[in-house]
Amino acid sequence: MLGKNRGQVDVFDHMILEKLIPKDYLLVKIDPIVVFLFVYDKAKDKYGTMDRGSNDPIIMLKILLPEYLYKLSDVEVVNRIKTDIAFHWFLKLSIDDPVPDDTTISHFRIKRRGMEHYDKFFNEIAKQ
């Protein structure tokens with residue numbers, strides 16, 4: 001089943017994040033420009049109705065973006081999400097939300113999307 005994150009950070013977390021993350025940070029600049037809703041339409045064919053649940057494909061794709069931009073491995077990007085508040089904010093995760101592990105990221109890239117779709121996602125982001 002296609003999982004969707006509620007995409008909301010509570011007011012207290014939001015106030016803290018606003019004070020900690022510089023306005024000129026690359027991910028802060030990207031966030032208002034790129035609308036990631038196209039991901040649901042492109043991903044729905046890879047998710048069955050009887051699945052045991054899944055991570056939100058928007059979060060999974062958004063993880064791949066800083067991974068690419070900052071030349072990080074799956075393990076490194078997971079560690080950055082856990083320690084870099086700007087990465088956490090970019091994914092629209094609350095402080096208490098779990099972070100997908102590196103195996104889940106790899107599975108999304110290879111099994112859920114397939115490498116042939118990888119470029120299509122990034123081309124859509126580049127167009128925006």
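Read-outs: derived from the displayed coordinates by stated rules, not from any lab. Computed from a predicted structure; not experimentally measured. Ideal geometry is used to build each Cβ from the backbone, glycine not excepted, and the neighbour counts take in all protein chains shown.
Values computed for the structure shown
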read-out: Diffusion coefficient, µm² s⁻¹, Stokes-Einstein with Kirkwood Rh over alpha-carbon pairs of the range 11-127 at 20 °C and 1.002 mPa s; value: 143
read-out: Packing-based exposure ordering (other Cβ within 10 Å, fewest first) of Asp97, Asp84, Asp41; value: Asp41, Asp97, Asp84
read-out: Formal net charge of residues neighbouring Arg80 (Cβ-Cβ distance under 14 Å; K, R +1; D, E -1); value: -3
read-out: Set of lysines near Lys42 by C-alpha distance (under 27 Å), chain-local residues within fewer than 8 positions excluded; value: Lys4, Lys29, Lys62, Lys71, Lys92, Lys111, Lys120, Lys127
